[in-house]
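Novice: Here it is, the structure in full.
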Amino acid sequence: NLESRFALQQKIVEAAKKLAAETDISKLVRKKRRRNCLDAMQKLQEIEDEMNQYRLKKGQKPTQRASVIIA
């Protein structure tokens, strides 16, 4: 289900953002966490794009959820 995948990925992005924002870690760990956060946000956007394609196919309006979170 796309909705449940989206909700789960949203939680992953939130957690990744918190981890990436920590300051008392080494430069290497910080860089890895930042990269993981960007990957999670990209996956969230991909899921949203999938949902929008499905909604358009069914004749419904697309959503704009992930773009609000990422910004």
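The values are calculated or read from the model by the stated rules, or taken from the named source; none is laboratory data. All values derive from a computational prediction rather than experimental measurement. Positions of Cβ are backbone-derived with ideal geometry, glycine not excepted, and every protein chain shown enters the neighbour counts.
Novice: Show the residue pairs meeting these rules: Cβ distance below 8 Å; 6+ apart or different chains; first residue within segment 48-66 and among the charged types (D, E, K, R); second residue assigned to a helix (DSSP H, G or I) and at pLDDT below 80.
Specialist: Glu48/Arg65; Glu48/Ala66; Glu48/Ser67
Novice: Restricting attention to segment 44-61, and to residues there that are in a loop (DSSP other than H, G, I, E, B) and either under 14 Å from Glu3 (Cβ atoms) or in contact with a His (Cβ under 8 Å, 6 or more places away or on another chain) (or both), which single residue is modelled with the lowest pLDDT?
Specialist: Gln60
Novice: Would you say Ala15 is over 10 Å from the mean Cα position of the chain (by Cα), among the aliphatic types (A, V, I, L, M) and modelled with pLDDT of 95 or more? Let's see the steps before the verdict.
Specialist: On the way: over 10 Å from the mean Cα position of the chain (by Cα): yes; among the aliphatic types (A, V, I, L, M): yes; modelled with pLDDT of 95 or more: yes.
Spelling it out, Ala15 is indeed over 10 Å from the mean Cα position of the chain (by Cα), among the aliphatic types (A, V, I, L, M) and modelled with pLDDT of 95 or more.
Novice: Same structure, new question: Name the single residue, out of those in segment 1-43 being in a helix (DSSP H, G or I) and of a type in the set (Val, Ile, Thr), that is farthest from Tyr54 (Cα to Cα). So that I can check it myself, show each step before the final result.
Specialist: Kept after step one, since they are in a helix (DSSP H, G or I), are these residues of segment 1-43: 2-21, 27-43.
Narrowing further to those that are of a type in the set (Val, Ile, Thr): 12-13, 29.
Numbers: Ile12: 23, Val13: 23, Val29: 38 Å.
Only one residue fits best here, namely Val29.
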